[in-house]
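Peer 1: Once you've had a glance at the structure underneath, I'll fire off some questions.
The values are calculated or read from the model by the stated rules, or taken from the named source; none is laboratory data. Small disclaimer: the values here were computed from a predicted structure and weren't measured. Cβ coordinates were reconstructed from backbone atoms using ideal geometry, including for glycine residues, and neighbour counts include every protein chain displayed.
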Number of protein chains: 2
Amino acid sequence: MAVGLREVAQRAGVSTAAASRALRNYPGVGAETKARVLRAAREIGYEPNLAARSLRTSRTHSIGLVIPDIMNPFFSEVARGVGDVASQRGYSLLLGNSDGEVAKEEEFVNLLLRRKMDGLVFFAATSVSRHIDRARAKDLRLVLIDRKVAGFDLVRTDNEKGGVAATRHLIELGHTRIALISGRLDLGTRRDRYNGYREALIQAGIVPDLTLVHEGSVKSDHGYEATQALLALPSPPTAIFATTDTIAVGVLLALEERRLRVPEDIAVVGYDNTYLAMISRPRLTSVAQPKQQMGQWAATFLIDWIEQGRAEPHEPVEVVLEPRLVVRESTMPQVMADRSRLDLPLSGAVPFGPSGARGA
Amino acid sequence: MAVGLREVAQRAGVSTAAASRALRNYPGVGAETKARVLRAAREIGYEPNLAARSLRTSRTHSIGLVIPDIMNPFFSEVARGVGDVASQRGYSLLLGNSDGEVAKEEEFVNLLLRRKMDGLVFFAATSVSRHIDRARAKDLRLVLIDRKVAGFDLVRTDNEKGGVAATRHLIELGHTRIALISGRLDLGTRRDRYNGYREALIQAGIVPDLTLVHEGSVKSDHGYEATQALLALPSPPTAIFATTDTIAVGVLLALEERRLRVPEDIAVVGYDNTYLAMISRPRLTSVAQPKQQMGQWAATFLIDWIEQGRAEPHEPVEVVLEPRLVVRESTMPQVMADRSRLDLPLSGAVPFGPSGARGA
DNA sequence: GGGTTTGACGCAAACGATTTCACAACAGGG
DNA sequence: CCCTGTTGTGAAATCGTTTGCGTCAAACCC
């Protein structure tokens, strides 16, 4: 009943070897024979068994993607980018949600090993951990996004520059007491944004004030609570830089409850330019990262590596994409006044090319 | 260099057969031998090759998920539900974005066949198509979400009831001219919501007015444009039922531009209760579907089917989950006044059990 | 026309596990 | 002491491909 290569070969009156070569149009098989094999395959509805092929070739044509949570709009956009490139180049994508927990990450790395996936795109929770060392030992192909890990390729945006852009924008609007609300600062990306914030302040001759810096989680709750704390200060800030749109949403809520006007009383900048930023009222000025592109780059890298190999020893590659400040009403009321259309990135792929990237 | 079962067996001084049994703790191997094998395996860091296993057992322990677009918050929540159950039960999840295009769906079904995945959770673009027939012929295990296809299991929510709930809510608030803006009505779910809307109107003695019904896409653009059209009517509606939160976002935008107050001038209800609903201003009253649960159910179903098989011939099962109306300020200004916290579903799993479901 | 190159094709050995079956070894019962 | 049943173990077949190598005929060269 099972229709395998054997059946195809039999029907075409050739050996399985010939059939195999014909189907993959591999040299060494005559035109006429090939046609006969192809026809036979079509007639009996042959589909190659990829498990068998993998066993033989030790290539699975599948890559993994480990992210903290697919429900987070940032990650789902990246995932979309990875998925597009993967399917376009003939790879399957295996998805894993780690919730940022090392244990779950480890589980997926294990799976990668057992399934013999060809590679992995990885948002690591931390830069050093047992499973990453193991991955290194087994010389897995790993491409990281946003978190630098020694020895592996990395795709990221310039978060420091983003932090500078956001802060400088507020400074140019005349603000001097600018607060920062962030997730835990032990992570590279957040640390970079914070550094950018500091740097912009210092460059403008403003002395950074640590009472205006709130470190916590990236959840809206934290934005909400931190804002309340900030407003209770003797001299509260006139602007808030939330290093995540999700945090910014909490900030806006707290301000709304206090009946403070945004941006007249307090200006707010977010980060990531998810559609939270476009939907909130007022719409959020936010630092955009090319999320889909990040995914596309990571996948392209990984697959190129898989298919072309590498000269050894090699320097790990690092692609740094540029962030872009998108100004909306939460800092400048007039700016969106005439923009009537809403461009939710709810579907459709972005065009993708090497533009905007630079190696390092 | 490669460490396989052979090496483990050799090191433990047994045959590969014994080693295989020991590692899967399959009966027929002595306690002492087993211990030796396990230790040997651990010592040399053995990981079974799943491709080889699949080849032999014709089970891959992997399932596919085909959705239109992972960037759509509705689908990413469902995906999270599917992913959680899959990984909890030891399955890998392969993700495919179809963009609702039949061609891409077909591609993924092909892949399913070739990779010999154990099953597929599927948001089909249409109920009848070549690849679904093919799937039927090859007796693939398919579980559908939201779109009924003859002969296959289905997980859905009661969209008609949801439509009734939304509409009745507006009626109870005193509205009689209630518009509906929807995506294309040829899809079952949307048709059901529309039917619920009609039914609720008729039950309340209101004659449905077709000039108040706008069919188009589910994008925000459509909501925006349809609203403009509705406002241009000689007697415009006092309430709008948008059958998707994304549409509702466009509606709110159009109303805001006309300086119409929501809900005082026009009330708005959305559908899906994505976080768009919680973030927009005013927050949207919306019909909630238990999205993660839908995914969890679908995956549970599929895996149960895979592992336990079925009595043949079987009736396809249909699980219908209950929608729930979440009332917010876009219909009742006072309702959220004291709710200070924001509960963005940006991470974390929901508890999951059979509650709330009924078979059919 | 003999020798050599070429190209098409088949044989059979992998790949790394699972599983069937046969066979020891050993115990207990008659 | 033989027979039977139980339990643990190993040899070998198998899953469906790919691929190295050998064969053979046709084509080519001088």
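Peer 1: It is to be established whether one or more residues within the range A:236-249 are polar (S, T, N, Q), farther than 15 Å from A:Leu325 by Cα, without any contact (Cβ under 8 Å) to a residue 40 or more places away in the chain and assigned to a loop (DSSP other than H, G, I, E, B).
Peer 2: no
Peer 1: For the range A:123-191, which strands (runs of 3 or more DSSP E) that fit wholly inside it have 3 or more residues that are at pLDDT 95 or above and farther than 17 Å from A:Leu325 by Cα? Show your work before the answer.
Peer 2: Working: elements: A:142-145, A:153-157, A:178-183.
In the range A:123-191, the matching strands (runs of 3 or more DSSP E) lie at A:178-183.
Peer 1: Next question. Can you find, within the range B:3-23, the residue that is nearest to the other protein chains (Cβ to nearest Cβ) among those that are more than 7 Å from DNA strand D (Cβ to nearest atom) and over 11 Å from B:Tyr46 (Cβ atoms)?
Peer 2: B:Ser20
Peer 1: Pick out the one residue from B:Glu307, B:Glu318 that is surrounded by fewer than 16 Cβ atoms within 10 Å (Cβ to Cβ), among the acidic types (Asp, Glu), in contact (Cβ under 8 Å) with a residue 60 or more places away in the chain and under 22 Å from B:Arg141 (Cβ atoms). Please lay out each step first, then the result.
Peer 2: Numbers: B:Glu307 fails: in contact (Cβ under 8 Å) with a residue 60 or more places away in the chain.
B:Glu318 is the lone residue from the list that is surrounded by fewer than 16 Cβ atoms within 10 Å (Cβ to Cβ), among the acidic types (Asp, Glu), in contact (Cβ under 8 Å) with a residue 60 or more places away in the chain and under 22 Å from B:Arg141 (Cβ atoms).
Peer 1: Hey, among A:Leu94, A:Leu120, A:Leu113, A:Leu55, which residue is assigned to a strand (DSSP E or B) and without any contact (Cβ under 8 Å) to a residue 60 or more places away in the chain? Give the derivation first.
Peer 2: Values: A:Leu120 fails: without any contact (Cβ under 8 Å) to a residue 60 or more places away in the chain; A:Leu113 fails: assigned to a strand (DSSP E or B); A:Leu55 fails: assigned to a strand (DSSP E or B).
Being assigned to a strand (DSSP E or B) and without any contact (Cβ under 8 Å) to a residue 60 or more places away in the chain holds for just one of A:Leu94, A:Leu120, A:Leu113, A:Leu55, which is A:Leu94.
Peer 1: Is it the case that B:Glu101 is under 20 Å from B:Asp133 (Cβ atoms), more than 9 Å from chain A (Cβ to nearest Cβ), touching a Lys or Arg at 6+ places or on another chain (Cβ under 8 Å) and of a type in the set (Asp, Glu)? I'd like the intermediate steps shown before the answer.
Peer 2: Numbers: under 20 Å from B:Asp133 (Cβ atoms): yes; more than 9 Å from chain A (Cβ to nearest Cβ): yes; touching a Lys or Arg at 6+ places or on another chain (Cβ under 8 Å): no; of a type in the set (Asp, Glu): yes.
No: the conditions fail for B:Glu101.
Per-residue answers, yes or no, for (1) touching a residue at least 24 places away in the same chain (Cβ under 8 Å); (2) closer than 22 Å to A:Lys291 by Cβ; (3) touching a helix residue (DSSP H, G or I) at 6+ places or on another chain (Cβ under 6 Å):
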| position | (1), (2), (3) |
| --- | --- |
| A:Glu172 | no, no, no |
| A:Ile178 | yes, no, yes |
| A:Thr189 | yes, yes, yes |
| A:Leu210 | no, no, no |
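Peer 1: Would you pick out the residues in the range B:1-17 that are crowded, with 18+ Cβ neighbours inside 10 Å and either in a loop (DSSP other than H, G, I, E, B) or within 8 Å of DNA strand C (Cβ to nearest atom) (or both)?
Peer 2: Here is the first cut: in the range B:1-17, the residues crowded, with 18+ Cβ neighbours inside 10 Å are B:5, B:8-9, B:11-12, B:14.
Within the range B:1-17, B:Leu5, B:Val8, B:Val14 meet the criteria.
Peer 1: Can you tell which of A:Asp139, A:Asp221, A:Asp133, A:Asp146 is within 23 Å of A:Leu65 (Cβ to Cβ), buried (at least 17 other Cβ atoms within 10 Å of the Cβ) and acidic (Asp, Glu)? Outline the logic, then answer.
Peer 2: Details: A:Asp139 fails: buried (at least 17 other Cβ atoms within 10 Å of the Cβ); A:Asp221 fails: within 23 Å of A:Leu65 (Cβ to Cβ); A:Asp133 fails: buried (at least 17 other Cβ atoms within 10 Å of the Cβ).
Answer to the selection: A:Asp146.
Peer 1: For the range A:18-34, enumerate the residues that are more than 9 Å from DNA strand C (Cβ to nearest atom) and exposed (fewer than 14 other Cβ atoms within 10 Å of the Cβ).
Peer 2: First, pick out the residues of the range A:18-34 that are more than 9 Å from DNA strand C (Cβ to nearest atom): A:23-26.
The answer is A:Arg24, A:Asn25, A:Tyr26.
Peer 1: Within the range A:67-91, which residues are at the interface with chain B (Cβ under 9 Å from one of its Cβ atoms), under 16 Å from B:Leu94 (Cα atoms) and part of a loop (DSSP other than H, G, I, E, B)?
Peer 2: Passing the criteria: A:Asp69, A:Ile70.
Peer 1: Provide a single number: the residues in the range B:264-278 that are out of contact with any Leu (no Cβ under 6 Å at 6 or more places or on another chain), buried (at least 24 other Cβ atoms within 10 Å of the Cβ) and not aliphatic (A, V, I, L, M).
Peer 2: Residues in the range B:264-278 being out of contact with any Leu (no Cβ under 6 Å at 6 or more places or on another chain), buried (at least 24 other Cβ atoms within 10 Å of the Cβ) and not aliphatic (A, V, I, L, M): 4 in total.
Peer 1: Tell me, yes or no, whether the range B:35-50 has at least one residue that is at the interface with chain A (Cβ under 9 Å from one of its Cβ atoms), within 16 Å of DNA strand C (Cβ to nearest atom) and either within 18 Å of the chain's Cα centre (by Cα) or under 25 Å from B:Ala298 (Cα atoms) (or both).
Peer 2: So the first thing to find is which residues in the range B:35-50 are at the interface with chain A (Cβ under 9 Å from one of its Cβ atoms), and the list is B:45, B:47-50.
Next, from what is left, pick out any that are within 16 Å of DNA strand C (Cβ to nearest atom): B:45, B:47-50.
Restricting the remaining residues to those that are either within 18 Å of the chain's Cα centre (by Cα) or under 25 Å from B:Ala298 (Cα atoms) (or both) gives B:50.
Yes, the conditions are met somewhere in the range B:35-50.
Peer 1: Given the conditions (1) in a loop (DSSP other than H, G, I, E, B); (2) under 23 Å from B:Ile306 (Cα atoms), and given that B:Asp99 satisfies all but one, which numbered condition is not satisfied?
Peer 2: (2)
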